[in-house]
Amino acid sequence: MEIPTYGEGFIGLEKQLDMLFLVVVVLITVHVPLNSIEVTEHNADFFQGFCHERYIYLFIYTFCTSQIYKQDKYRTKEVTREQEVNRSLIIAGCYAKPRQERRFPDDFLFGTATAAHQIEGGYNADGKGENIWDRMTHTRPHVIKDMSNGDIAANSYYNYKRDVEMMRELGLDAYRFSFSWSRILPNPLAPYEVNQAGVDFYNNYINEMVKYNITPMATLYHWDLPQKLQDLGGFLNPLFPEWFEDYARVVFENFGDRVKLFLTFNEPSEICYEGYGWSTKAPILNVTDVGTYLCAKHLVLGHAKAYHAYVNDFKPTQQGQCGITISTNWFGPLTDSEEDHFAAEIKRQSNWGLYAEPIFSEEGGFPKELSDIVAEKSLEMGYKQSRMPEFTDEERKLVQGSSDFFGVNHYTAYLVSATEHKTFNPVPSLFADIDVGVYTPPEWLSSASRWLQLAPDSIYNALTFLHNKYPNTIFYITENGWSTTPGAGLIDEDRITYYRAALNSLLDTLEAGVNIKGYMAWSLMDNFEWMEGYTELFGLYEVDFQSEARTRTPRKSAFIYKEIIKSRVIDPNYEPENLTMWIDEGH
Ligand SMILES: C[C@H]1O[C@@H](Oc2ccc([N+](=O)[O-])cc2)[C@H](O)[C@@H](O)[C@H]1O
């Protein structure tokens with residue numbers, strides 16, 4: 001989509017027409033001295049009619065001018081914060097085209113998402129084992145922006161009833177959360193030694209949701225690897241797929257009678273690239289080498305083994321579904337050149353194709369063009385073979401089709417160039433392999449997170465692309481949300497703007513025939529935002545991290561989301577009367 005420049009293009013033409021119309025109306029209703037025109041037998045009827053109608057003209061004039069002047073574009077030449085928001089909205093296509101009449105299906109699942117390490121706290125409570133984030137934040141606190149950690153976080157280990165109460169306040173259909181592997185299996189190499197207190201905690205949490213008809217959607221792994229497994233190499237150990245299957249079986253066995261939507265992994269790209277390649281997230285190994293691709297292979301195999309364990313041994317009785325969540329932001333070409341189109345494709349392959357292609361494509365295996373590039377670059381660097389491992393035929397078959405649905409974490413978009421906006425990348429690394437530049441237009445509304453902007457039509461672009469690539473796939477949006485800074489308060493207009501634009505884009509996508517069953521807003525409440533600590537907040541509910549109780553208070557966006565869930569409609573003008581929350585009947 002071409003981005004219209006503010007004050008130019010169609011907006012400029014519109015402005016000119018508005019002004020012409022305004023001048024004509026002013027002339028007719030104000031400046032023409034009707035009474036001084038001589039009325040003759042030839043024009044009497046005309047003036048008689050006109051005089052009656054001029055009150056109507058006056059009304060039309062007043063109404064039109066008030067509407068015109070309401071638009072920020074005529075108020076000032078300076079770009080205010082409000083104009084910036086409107087500009088993003090115009091670009092996002094929801095200001096220009098009000099779409100109040102469009103509805104989400106009644107059976108569409110609206111929810112929110114969280115992850116164990118980001119909200120639970122209780123880091124060593126009741127027998128929980130240490131995970132890689134506990135180890136990293138305790139031994140190297142300076143790597144976290146505010147030197148904080150997840151020891152207490154939002155204290156959901158003790159506050160889970162309040163969490164479910166918040167879900168009821170919002171009227172959620174579903175809630176996505178994750179299990180902490182080391183809380184359930186403190187000794188993960190002995191999968192029969194289950195920590196009963198950990199299992200009890202999740203049982204209580206799930207039972208509380210089910211009691212109020214809230215569908216649990218559970219992620220088995222959201223980045224908090226047991227440290228004992230990391231000590232053995234973590235995802236780089238070829239035994240990883242077996243460890244993960246053992247753990248998955250414990251989860252299915254204990255919770256599958258009530259949980260019907262399972263996700264194996266959250267965001268493989270962040271696990272492998274950031275954890276084992278670039279090393280910008282735990283376990284921070286200080287290697288930028290072969291880790292990404294090796295991790296990708298073991299992760300995908302672990303996913304497939306868990307999936308087949310579910311399908312063969314649990315699904316027949318439990319009747320649920322098992323999928324995976326992949327971070328799929330949109331990467332479009334910066335220009336229409338062939339090179340930029342190819343650069344965008346390679347970026348997509350390295351960012352999510354690496355994990356989606358082996359599971360969802362007909363061919364199976366890692367993406368072809370990316371494999372070729374990595375093989376070529378590896379040989380150029382003097383490696384004996386490609387740094388990207390291959391799947392055996394047996395492995396390829398095991399992985400292909402091993403998902404009942406595709407979980408999409410979607411936040412933003414980027415424009416990709418073959419030549420421009422390149423940054424330094426250590427060699428060898430995935431970024432150096434693909435060697436493309438990534439750009440974010442400055443007019444896109446910015447959040448508190450460096451990587452997160454409100455990009456036009458990004459859900460539509462990403463999901464229609466995935467739908468065309470993997471036809472007949474069922475999708476869930478498993479994360480989508482907006483960050484603000486601490487102290488920004490409860491009136492979070494930018495978050496509201498973002499959610500409305502995202503949900504409008506989602507409606508476009510549904511209308512295009514993409515099978516999306518649900519949407520989970522990130523996040524129910526503020527939480528430990530990994531390397532950023534508590535400096536970037538994504539919650540519909542604010543959490544007071546200074547209070548012992550970790551008090552939760554709804555932001556304005558919580559009321560807007562509640563109204564959308566209830567009405568199934570995005571009303572751009574809805575305003576809550578006040579910020580007092582309540583639980584609707586029947587929830
Ligand atoms: C805010 C949530 O982010 C999720 O992870 C990411 C990481 C990076 C991007 N990105 O576009 O660069 C998007 C999402 C994560 O799954 C969740 O836990 C939250 O931290």
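Taken together, the criteria place ILE459 among residues that are crowded, with 18+ Cβ neighbours inside 10 Å and within 28 Å of TYR221 (Cβ to Cβ).
Okay, residues lined up against (1) part of a loop (DSSP other than H, G, I, E, B); (2) more than 16 Å from the ligand (Cβ to nearest atom):
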| position | (1), (2) |
| --- | --- |
| MET166 | no, yes |
| ARG176 | no, no |
| ARG183 | no, yes |
| PRO191 | yes, yes |
| VAL199 | no, yes |
| ASN203 | no, yes |
| VAL210 | no, yes |
| LEU220 | no, no |
| TRP223 | yes, no |
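Among the residues of segment 405-430, the one identified as polar (S, T, N, Q), within 19 Å of the chain's Cα centre (by Cα) and part of a loop (DSSP other than H, G, I, E, B) is THR412. Restricting attention to segment 570-585, the residues that are more than 20 Å from the chain's Cα centre (by Cα), in contact (Cβ under 8 Å) with a residue 24 or more places away in the chain and under 16 Å from ARG102 (Cβ atoms) total 2. Residues in segment 104-121 that are open to solvent by less than 10 Å² (accessible area, probe 1.4 Å), over 16 Å from the mean Cα position of the chain (by Cα) and away from the ligand (no atom under 16 Å from the Cβ): PHE104, PHE108. Residue count for segment 436-485, restricted to those that are among the hydrophobic types (A, V, I, L, M, F, W, C), more than 15 Å from the chain's Cα centre (by Cα) and in a helix (DSSP H, G or I): 2. Scanning segment 216-234 for residues that are surrounded by 24 or more Cβ atoms within 10 Å (Cβ to Cβ) and among the polar types (S, T, N, Q) gives a single hit, THR219. When you look at TYR498, is it in contact with a Leu (Cβ under 8 Å, 6 or more places away or on another chain), in a strand (DSSP E or B), touching a residue at least 24 places away in the same chain (Cβ under 8 Å) and within 16 Å of the ligand (Cβ to nearest atom), yes or no? Answer is no for this residue.
Please go through segment 369-384 and give me each residue that is in contact (Cβ under 8 Å) with a residue 24 or more places away in the chain, among the charged types (D, E, K, R) and touching a Ser or Thr at 6+ places or on another chain (Cβ under 9 Å), ordered by number. Passing the criteria: only LYS377. On inspection, GLU532 passes the criterion of being farther than 30 Å from PRO105 by Cβ, charged (D, E, K, R) and at pLDDT 95 or above. Does segment 122-147 hold any residues that are open to solvent by 20 Å² or more (accessible area, probe 1.4 Å) and either under 27 Å from THR485 (Cβ atoms) or touching a strand residue (DSSP E or B) at 6+ places or on another chain (Cβ under 7 Å) (or both), and which are they? Listed by number, the residues that qualify are TYR123, HIS138, ARG140, PRO141, HIS142, VAL143, LYS145, ASP146, MET147. Within segment 507-525, does at least one residue satisfy the condition of being over 24 Å from SER178 (Cα atoms), more than 15 Å from the ligand (Cβ to nearest atom), polar (S, T, N, Q) and open to solvent by less than 20 Å² (accessible area, probe 1.4 Å)? Yes, there is a match, as at least one residue in segment 507-525 is over 24 Å from SER178 (Cα atoms), more than 15 Å from the ligand (Cβ to nearest atom), polar (S, T, N, Q) and open to solvent by less than 20 Å² (accessible area, probe 1.4 Å). Restricting attention to segment 108-156, the residues that are of a type in the set (Asp, Glu) and closer than 24 Å to ILE214 by Cβ add up to 1.
Only one entry of THR419, THR440, THR464, THR392 meets the criterion of being surrounded by fewer than 22 Cβ atoms within 10 Å (Cβ to Cβ), in contact with a strand residue (DSSP E or B) (Cβ under 6 Å, 6 or more places away or on another chain) and at pLDDT 95 or above, and that entry is THR440. Checked against (1) surrounded by fewer than 22 Cβ atoms within 10 Å (Cβ to Cβ); (2) within 23 Å of GLU270 (Cα to Cα); (3) away from the ligand (no atom under 16 Å from the Cβ), PRO358 passes all but condition (1).
Each residue in segment 253-291 was checked for being assigned to a helix (DSSP H, G or I), at pLDDT 95 or above and more than 15 Å from the ligand (Cβ to nearest atom), and 3 of them qualify. Close contacts from segment 446-457, counting a first residue that is at positive phi and touching a residue at least 40 places away in the same chain (Cβ under 8 Å) and a second that is open to solvent by less than 20 Å² (accessible area, probe 1.4 Å) and more than 13 Å from the ligand (Cβ to nearest atom), with Cβ to Cβ under 8 Å and a gap of 6+ residues or different chains, come to ASP457/ALA92; ASP457/GLY93; ASP457/SER505.
Of all residues in segment 469-485, those being more than 16 Å from the ligand (Cβ to nearest atom) and surrounded by fewer than 21 Cβ atoms within 10 Å (Cβ to Cβ) number 6. Please verify whether ASP433 is of a type in the set (Asp, Glu), part of a helix (DSSP H, G or I) and in contact (Cβ under 8 Å) with a residue 60 or more places away in the chain, treating the condition exactly as stated. Yes; evaluated as a whole, the condition is true for this residue. Of everything listed in (1) small (Gly, Ala, Ser); (2) open to solvent by 40 Å² or more (accessible area, probe 1.4 Å); (3) part of a helix (DSSP H, G or I), the single unmet condition for ALA488 is (3). Filtering segment 504-553 to residues that are among the small types (Gly, Ala, Ser) and in a strand (DSSP E or B) leaves GLY518, ALA521.
Listed here are the residues, each with its yes/no results for (1) touching a residue at least 12 places away in the same chain (Cβ under 8 Å); (2) within 16 Å of the ligand (Cβ to nearest atom); (3) open to solvent by 10 Å² or more (accessible area, probe 1.4 Å); (4) at negative phi.
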site: TYR534; (1), (2), (3), (4): yes, yes, yes, yes
site: PHE538; (1), (2), (3), (4): yes, yes, no, yes
site: TYR541; (1), (2), (3), (4): yes, yes, no, yes
site: ALA549; (1), (2), (3), (4): yes, no, yes, yes
site: THR553; (1), (2), (3), (4): yes, no, yes, yes
site: LYS556; (1), (2), (3), (4): yes, no, yes, yes
site: PHE559; (1), (2), (3), (4): yes, no, no, yes
site: ILE564; (1), (2), (3), (4): yes, no, no, yes
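Scan segment 512-520 and tell me whether some residue there is closer than 20 Å to TYR414 by Cα and either acidic (Asp, Glu) or in contact (Cβ under 8 Å) with a residue 40 or more places away in the chain (or both). No. A search for C-beta distances below 9 Å between a residue of segment 248-276 that is among the polar types (S, T, N, Q) and any residue that is within 14 Å of the ligand (Cβ to nearest atom) and in a helix (DSSP H, G or I), counting only pairs 6+ apart in sequence or on different chains, returns SER269/SER350; SER269/ASN351; SER269/TRP352; SER269/TYR355.
The values are calculated or read from the model by the stated rules, or taken from the named source; none is laboratory data. Fair warning: this is a prediction, and the values are worked out from it, not measured in the lab. A quick note on method: Cβ atoms are made from the backbone with ideal geometry, for glycine too, and the neighbour counts reach across all protein chains shown. What goes into the accessible areas is simple: the full protein's heavy atoms, side chains included, and nothing from ligands, DNA or RNA. Shrake-Rupley method; radii C 1.70, N 1.55, O 1.52, S 1.80 Å.
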